[in-house]
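Right, one structure below, let's go through it.
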């Protein structure tokens, strides 16, 4: 008999560091046992682990949807279709494709990832990650960094960044910044001048600046062309 995967076979996997009724006490163990389409629900607690997610189409969600009661040390994402939501993350969250052996300007990206409703203390960094969204996160004393050589279709929206920056490097096309609030921060565009995304980003940044000004929020804009 040949087993064929279908969405109906997706599982809900539970994690609780203090409850033996859950399937796992470690988020990493739950990820390692997951398959495409699975949802991992994490009960409140402190999970002192750096979680590596390399299995496609897996959602890792806090059960309470309250990032203040569910803490994880760090997340490293290297697969398509990953959602991470509802955590307090003590270190960084990384979305990372990689450069292929073919050399400069040739990459193997990850796609369709969502990072939302988290509190982060060392930022969010995306390297060759396309068609993805960062939304409604709180980033403290750090920032959001996006690096891409090609079309990204990346959306950064409704985030609160305190004492940190949004930096877009090498100008991914169709990168939209919308309704983000920066307190004592800046938005940097580096090597974006030759991409049509510069117009989209600048118009969006201008809107963000207008919103910030209306709410008396200090904000600096820097544009760097090399």
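The values are calculated or read from the model by the stated rules, or taken from the named source; none is laboratory data. As the structure is a computational prediction, the values presented were derived from the model and not from experiment. Cβ placement follows ideal geometry from the backbone for every residue including glycine, while neighbour counts extend to all protein chains displayed.
Tabulated data for the structure shown
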read-out	value
Sole residue being in a strand (DSSP E or B) and at pLDDT 90 or above, chosen from 134, 182, 189	134
Within segment 84-116, tally of residues that are surrounded by 21 or more Cβ atoms within 10 Å (Cβ to Cβ) and either more than 19 Å from residue 55 (Cα to Cα) or modelled with pLDDT of 90 or more (or both)	9
Boolean, residue 78 is in contact with a strand residue (DSSP E or B) (Cβ under 9 Å, 6 or more places away or on another chain) and under 15 Å from residue 15 (Cα atoms)	no
